[in-house]
Amino acid sequence: MENQKKLQIYNSLTGKKELFVPLHDNYVGMYVCGPTLYSEPHMGNMRTFINFDLIYRYLLHLGYRVKYVRNITDAGHITNSAGYEEDSIGKAARLEQVQSLEIVYKYNLKFQELQRIYNLLSPSIEPTATGHIQEQIEIIEQILQNGYAYVVNGSVYFDTQKYMQDFNYGILSGRKVEELSTETRSLNAQDEKRFFADFALWKKANPEDMQIWRSPWGDGNPGWHIECTAMSTKYLGKQFDIHGGGMDLKFPHHEDEIAQSCGSFGCNPAKVWMHANMLNVNGQKMSKSFENYFLPKEIIDGTTSLFKKAYSANVIRFFMMQAHYRSTLDFTESALDAAEKGLSRLSEGIKLVEKITVSDKSSFDVQGVIQNFYEAMNDDFNAPILIANLFDAVKFVNLINDGKETISSDDRALLDKEMNGFIYDVLGVELKTASSHSKLNPVMDLVMDLRQQARQNKDWTTSDKIRNALEEAGIVVKDGKEGTTWS
RNA sequence: GGUCUCAUGGCCGAGCGGUUAGGCACCGGUCUGCAAAACCGUCUACAGCAGUUCGAAUCUGCUUGAGACCUCCA
């Protein structure tokens, strides 16, 4: 609880780390932009969700009651301002010759599965855009009523120029409309917008649209940004603590969300805006359009051509935790191998804590070691530092095991609790021991017994023969101090 | 073109003016029938040039290189 008061978060809105003070004591409202389910989320998408899972977990660890809302975008958004282009979900549906919501349902099942595999905690609620059309319409009406939008031919557009008279458009992204206008995207003849920076709140339906809703302005589809405004307001209120998402949503999506909230309620929806950085492949952003992506499932199954072997979801998660959420991260084979070995070291250390012998007192500052865990995370969720500190703790544990340091009974209990808490609860890394090979066990017991006999007779030829044969079968035999193990 | 990031030892990756980041690899050691594993120890980098400062990886300017956003994007 003491540590609640020390959490600093980098706020994209101010560009600074700020002391986190929730709007309501002990409660945190957090909204994170979720996936558009027109395809299976790729590893880059997952990184953002994993990072916000870390943030959610640490807030919970600090004792906050957190309402975590992450939307599911199941209404495709018409990309072309002229309105003749298909929406992304509709396009996928047409390709597979099914209806839009079948596509969403299909990929949502995949997404849910990925969340289980990568050990993500479920948000408090995952509202869908199509389930909140009425709420979206109401906010559009409010914006119209306030004079920050206009209706043209069955569509509604946000009036950026009018808005700029009263509010700062560009407050989040730092963009200046004058600079934006130098870009070549001039209004074309059939464009209904009055100003190039205006964006659609409601789009008149096209005949081929798969999903169409009734509205006061005629049949149509909601604009891209309005769903988040509607759902965050419904579940968290007009103002809440944290709004997060990927860096690439900063502009225009989040900027426009702010405009919509200010335009309807007169206030910025979130006190703190957080942006997770991108996952790179060979230095370039992983992206569907670049076609340089791989799927979260492929790396676990070892079916992506990028890597020779498969990695467990835990290793992937741990690997990601070793980079700060605001830094880009590149996936490379050697880095993943390093993470795999590092995780195993951490894992061994954790297992050892409860076994080490205790002394009258500790020879090192256990409380200080633990406080370092908190300080790392209190500094804008710095998981890489937390992990470094956990490795320091592991070193102490090993030194105690070697009789070079001592620990008291109370300190051991404390260290055990906190190390486990930070690894399992905060980092969300599971260190499960290898699954038990129930059928193999009795066989291996026999084999190991035979080899042990050979070793006792100093029949190294036989014992090495067994070891080599097992190795070829993928079973590694280790002769430790306290007996032989295999895995 | 505009706006903005970033450049760290063999690899990954922290760092926000002075202190060992950490992991992996390498090397040395302990252990071991041998090996593997495990553990301990070691390795001291900050793109280039100039400046500010008692002191800079960390601040300023310039140069070079990479990337993001400005269009759907996590």
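The values are calculated or read from the model by the stated rules, or taken from the named source; none is laboratory data. The shown structure was predicted, so the numbers you read here are calculated from the model rather than taken from an experiment. Note: ideal-geometry Cβ built from the backbone for every residue, glycine included; neighbour counts use all protein chains shown. Note: areas computed on protein heavy atoms with side chains; ligands, DNA, RNA excluded. Shrake-Rupley method; radii C 1.70, N 1.55, O 1.52, S 1.80 Å.
The table for this structure:
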{"read-out": "Size of electric dipole in segment A:2-276: Cβ of Lys, Arg +1 and of Asp, Glu -1, about Cα centre, debye, nearest 20", "value": "900"}
{"read-out": "Net charge, A:Asn168 excluded, C-beta distance under 13 Å - Lys, Arg +1, Asp, Glu -1", "value": "0"}
{"read-out": "Inter-probe distance in nm under a simple model that places probes 7 Å from Cα toward Cβ, at A:Lys458 and A:Glu348", "value": "3.0"}
{"read-out": "For chain A, with +1 on Lys and Arg beta carbons and -1 on Asp and Glu, the positive-most of A:Asn292, A:Asn153, A:Tyr424 along the dipole", "value": "A:Tyr424"}
{"read-out": "Rounded to the nearest 10 Å², the accessible area of A:Ser312 at probe 1.4 Å", "value": "60"}
{"read-out": "Accessible area in the full protein assembly, largest first, 1.4 Å probe, for A:Asp198, A:Asp464, A:Asp410, A:Asp425", "value": "A:Asp410, A:Asp425, A:Asp464, A:Asp198"}
{"read-out": "Rounded, prolate or oblate (a/c below 1.5 giving rounded, otherwise prolate when a/b exceeds b/c) for chain A by Cα gyration tensor", "value": "prolate"}
{"read-out": "With all protein chains modelled, accessible area of A:Cys267 [1.4 Å, Å²]", "value": "30"}
{"read-out": "In nm, spacing of pseudo-spin labels at A:Gln371 and A:His61 (7 Å Cα→C-beta vector)", "value": "1.8"}
{"read-out": "Compactness relative to 2.2 N^0.38 Å, alpha carbon Rg of segment A:160-286", "value": "1.18"}
{"read-out": "Longest site-free stretch - chain A; sites: GluC sites (Glu not before Pro), DSSP loop, at most 16 other Cβ within 10 Å", "value": "A:86-182"}
{"read-out": "Set of lysines with alpha-carbon distance to A:Lys308 below 20 Å, sequence-local pairs under 8 removed", "value": "A:Lys297, A:Lys341"}
{"read-out": "Crossing angle, helix A:460-472 versus chain A [Cα axis fit, 0-90 degrees, rounded to tens]", "value": "10"}
{"read-out": "Charge dipole of chain A about the Cα centre (unit charges at C-beta), most positive-ward option of A:Tyr118, A:Leu23, A:Thr73", "value": "A:Tyr118"}
{"read-out": "Anchor A:Lys67: aspartates and glutamates whose Cα lies under 20 Å away (excluding residues fewer than 8 positions away in-chain)", "value": "A:Asp25, A:Asp53, A:Glu126, A:Glu135, A:Glu227, A:Asp241, A:Glu257, A:Asp380, A:Asp425"}
{"read-out": "Distance (nanometres) between label positions extended 7 Å along Cα→Cβ at A:Ala388 and A:Asp402", "value": "2.2"}
{"read-out": "Cβ-based charge dipole, segment A:280-426, positive-most Cα from A:Ser305, A:Gln371, A:Met321", "value": "A:Ser305"}
{"read-out": "Relative contact order %, segment A:2-276, counting alpha carbon pairs below 8 Å whose residues are six or more apart", "value": "23"}
{"read-out": "Förster-model FRET efficiency, 30 Å R0, A:Lys395 and A:Arg326, C-beta, rounded to 0.05", "value": "0.60"}
{"read-out": "Label-zone membership for segment A:456-487, site A:Asp445, 7 angstrom Cα→C-beta point, backbone N under 13 Å", "value": "none"}
{"read-out": "Chain A: angle of helix A:366-378 to the longest principal axis, Cα-based, in degrees nearest 10", "value": "20"}
{"read-out": "Cβ-placed point charges (K, R +1; D, E -1), dipole of chain A about Cα centre in debye, nearest 20", "value": "660"}
{"read-out": "When each of A:Lys193/A:Lys234; A:Lys238/A:Lys271; A:Lys6/A:Lys361; A:Lys91/A:Lys204; A:Lys361/A:Lys404; A:Lys351/A:Lys404 is checked by Cα-Cα distance, pairs over 22 Å", "value": "A:Lys193/A:Lys234; A:Lys6/A:Lys361"}
{"read-out": "Derived scalar couplings ³J(HN,Hα) [segment A:20-36; Karplus, 6.51 cos²θ - 1.76 cosθ + 1.60; whole Hz; x for Gly, Pro]", "value": "7, 10, x, 4, 10, 3, 6, 10, 10, x, 9, 10, 10, 5, x, x, 8"}
{"read-out": "Nearest-20 debye value, segment A:280-426 charge dipole, Cβ charges on Lys, Arg, Asp, Glu", "value": "460"}
{"read-out": "Chain lengthening between A:Tyr27 and A:Gln112 when straightened (0.36 nm per residue, less Cα-Cα)", "value": "28.0 nm"}
{"read-out": "Whichever lysines have a C-alpha closer than 25 Å to that of A:Lys465, once near sequence neighbours (fewer than 8 apart) are set aside", "value": "A:Lys439, A:Lys478, A:Lys481"}
{"read-out": "Angle in degrees between helix A:100-117 and the longest Cα principal axis of chain A, rounded to the nearest 10", "value": "30"}
{"read-out": "Segment A:Ala335-A:Gln165, length gained on full extension (0.36 nm per residue, minus Cα span)", "value": "56.1 nm"}
{"read-out": "DSSP beta bridge pairing in segment A:2-276, given as percent antiparallel to the nearest 5", "value": "45"}
{"read-out": "DSSP bridge pairs, chain A: antiparallel proportion in percent, nearest 5", "value": "50"}
